[in-house]
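Engineer: Mind having a look at this structure? Questions to follow.
The values are calculated or read from the model by the stated rules, or taken from the named source; none is laboratory data. Note that the structure is a prediction, hence the values are computed from the model and not measured. As a convention, Cβ positions derive from the backbone with ideal geometry for all residues, glycine included, and neighbour counts pool all protein chains shown. Surface accessibility is based on the protein's heavy atoms, side chains included, excluding ligands, DNA and RNA. Shrake-Rupley method; radii C 1.70, N 1.55, O 1.52, S 1.80 Å.
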Amino acid sequence: MNYIDEVLAKVKEKNAAEPEFLQAVEEVLESIRPVVEANEDLYRKEAILERITTPDRQFIFRVPWVDDKGQVQVNTGYRVQFNNAIGPYKGGLRLHPSVYLGIIKFLGFEQIFKNSLTGLPIGGGKGGSDFDPKGKSDREVMAFCQSFMTELCKYIGADTDVPAGDIGTGAREIGYMFGQYKRIKSVYEGVLTGKGLTYGGSLVRTEATGYGLLYIVEELLKCHGEDMKGKTVVISGSGNVAIYAAEKAQQLGAKVVTCSDSTGWVYDPEGLDIALLKEVKEVKRARLTEYAAARPSAQYHEGRGVWSIKCDIALPCATQNELFLDDAKELVANGCIAVAEGANMPTTMDATKYLQDNGVWFIPGKASNAGGVATSALEMSQNSERLSWSFEEVDTKLNQIMVNIYHNIDEAAKRYNKEGDYVAGANIAGFEKVVEAMLAQGVC
Ligand code: NDP
Ligand code: 2IT
């Protein structure tokens, strides 16, 4: 058996109950075949693939907190430190009832290659909890965050492991966690990113993932003689990534006609009202029914359905496995030319293949949503030098990083005779840098 198949079989056996992790590993290993085949003896001897698919360490802990009725609640907390070959572990904290070890491992594994693609010195990690912030009071969220950080603070630090936001973790949660870290450790350091602007946060971090997504799409289109002006865009999700992707798409002259949440979706043929969407989601933390109620042009539908709307560009920005083969068929039939992932692994493997086989330009999340973590790394730089950069300075750097990512993944794909296969390009370019660092650092 060749080395990749051997390792894939072992990973499947060891992690059988973690389908999302297996999906992420399979996608990466399948697409780096040409690189591994060219170095098979060395990589096998050095156990590169076994090492890169096994986390450095993983922490699982109890998170007890008291709800508003005085009842003690217990959640499970996770932090997986996956690989620090090129820098301190870096990656978000997901707070969602679906979180279990397999979700955190898939996200931490993806983060290794994404962080490598940014060109900045950050390794891969991820964490979170099965806590659901939805419907909780601010005091309950604070109680959870303080308890979570009471344990997590033992494993993280500005030069060790720097968490940030992800699903369910926004500015409010980061603030409570930062306060508790500072209180326990008596150290004021950039241990978290996505902080508020009054205590070490970076301008543009809030917008960064969504804006970065559009910067890479803009570059993709430019290189194919197209631009965003007049394009119809469908987006899923209505959280941090979705809102700022929609905002930047409209700034670039496109019309964004959909968004969604976990209960339903909105079709707004006149183009989303971003200010209203922010008010409903960021301020009121309400459902999309409130958006539709306040916006005469919008139709609200229960369930899922954004991919059924005719569009030029589709941007999945909610969660993993939310764009299936049937959705891909509908997008192709409707003339969609590009799909770029704002979320992590939102497109299933068969849907990805269908899109690519049918000539749709497809950019995988580890490249297209890297603007968030890249700007987190810029926040770390600002914290280290105890300075704050202007909005324009950070935004210009973010734009340049996304343009560079596009050209790096395009070039890597071409180098292995896979022109236009940005999945292969992203995995190969991300992998090459990490492996070079691992080999240089010996067996560790
Ligand atoms: P938010 O919590 O701000 O928003 C998530 C959005 O997705 C909400 O609209 C939510 O709906 C919806 N959603 C979440 N889970 C599900 C589900 N199981 N089914 C249907 N809808 C769901 O998170 P973000 O916007 O930060 O994250 C979105 C995606 O982007 C995730 O995959 C995340 O890992 C990825 N990402 C985030 C980055 C960041 O900087 N924040 C950086 C890079 C990637 P509802 O409110 O109803 O739950
Ligand atoms: O998936 C991701 O890249 C994030 N949630 C952002 C991580 C970060 O450290 O900013």
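Engineer: Taking +1 at the Cβ of each Lys and Arg and -1 at the Cβ of each Asp and Glu, which of Ala164, Tyr181, Phe106 sits farthest along the dipole of the chain towards its positive end, judged by Cα position relative to the Cα centre?
Structural biologist: Projecting each Cα onto the dipole axis, the largest value belongs to Tyr181.
Engineer: Hey, what's the range 61-164 come to in accessible area per residue, 1.4 Å probe, Å²?
Structural biologist: Heavy-atom accessible area per residue stands at 31 Å².
Engineer: Could I ask something else about it? For the range 1-52, what is the convex hull (Cα atoms) projected area averaged across all directions, in square nanometres? Don't skip to the answer; put the middle values down first.
Structural biologist: Values: hull surface 13.3 nm².
For the Cα atoms of the range 1-52, the hull's average projected area reads 3.3 nm².
Engineer: Given the rule -39500 (n - 2.57) for each run of at least 4 DSSP H residues, summed and divided by the residues of the chain, what is its mean residue ellipticity at 222 nm, to the nearest 500 deg cm²/dmol? All intermediate terms of the calculation are to be shown ahead of the outcome.
Structural biologist: Working: 18 runs with 214 residues, N = 444.
Rounded to the nearest 500, the figure is -15000 deg cm²/dmol.
Engineer: Which lysines does Lys126 reach when only Cα atoms under 22 Å apart count, and residues fewer than 8 places away in its own chain are ignored?
Structural biologist: Correct list for Lys126: Lys12, Lys14, Lys90, Lys105, Lys114, Lys134, Lys154, Lys182, Lys185, Lys195, Lys366, Lys433.
Engineer: Right, something else. For Thr198 paired with Glu13, estimate the spin-label separation in nm (one decimal), with each label point 7 Å from Cα along the Cα-to-Cβ line.
Structural biologist: My value for the distance between the label points is 5.7 nm.
Engineer: Accessible area, 1.4 Å probe, largest first: how do Trp389, Trp307 sort?
Structural biologist: Result, largest first: Trp389, Trp307.
Engineer: Considering only C-alpha atoms, what is the centroid distance from the range 126-184 to the range 366-400, in Å?
Structural biologist: With the range 126-184 and the range 366-400 each reduced to a Cα centre, they are spaced 21 Å.
Engineer: Provide, as a two-decimal number, the C-alpha radius of gyration of the range 360-415 over 2.2 N^0.38 Å, N being how many residues it has.
Structural biologist: So the Cα radius of gyration is 1.32 times the expected 2.2 N^0.38 Å.
Engineer: So which trypsin sites (Lys or Arg not before Pro) in the range 144-202 end up in coil per DSSP with only 14 or fewer other C-beta atoms within 10 Å?
Structural biologist: Numbers: sites: Lys154, Arg172, Lys182, Arg183, Lys185, Lys195; in loops: Lys154, Lys195.
The qualifying sites are Lys154.
Engineer: Once you have a ≥ b ≥ c as the square roots of the Cα gyration tensor eigenvalues for the chain, tell me rounded if a/c is under 1.5, and otherwise prolate or oblate according to whether a/b is larger than b/c.
Structural biologist: rounded
Engineer: Also: For the range 27-54 and the range 330-349, what is the separation of their Cα centres, given in Å?
Structural biologist: What the calculation gives is 28 Å, centre to centre.
Engineer: OK, next. At 1.4 Å probe size, with every protein chain present, just tell me what the per residue accessible area of the range 372-444 comes to in Å².
Structural biologist: Heavy-atom accessible area per residue stands at 46 Å².
Engineer: Read phi for every residue in the range 83-95 and hand back ³J(HN,Hα) as whole Hz from Karplus 6.51 cos²θ - 1.76 cosθ + 1.60, θ = phi - 60°, with x for Gly and Pro.
Structural biologist: Those phi angles translate into 7, 10, 4, 10, x, x, 4, 8, x, x, 10, 9, 10 Hz.
Engineer: Right, next: Reachable lysines from Lys329, Cα under 16 Å, same-chain residues fewer than 8 places away excluded?
Structural biologist: List returned: Lys310, Lys353.
Engineer: Further question: Ignoring ligands, DNA and RNA, please state the percent of accessible area on the chain from carbon and sulfur, probe 1.4 Å.
Structural biologist: Ligands and nucleic acids excluded, carbon and sulfur reach 50 percent.
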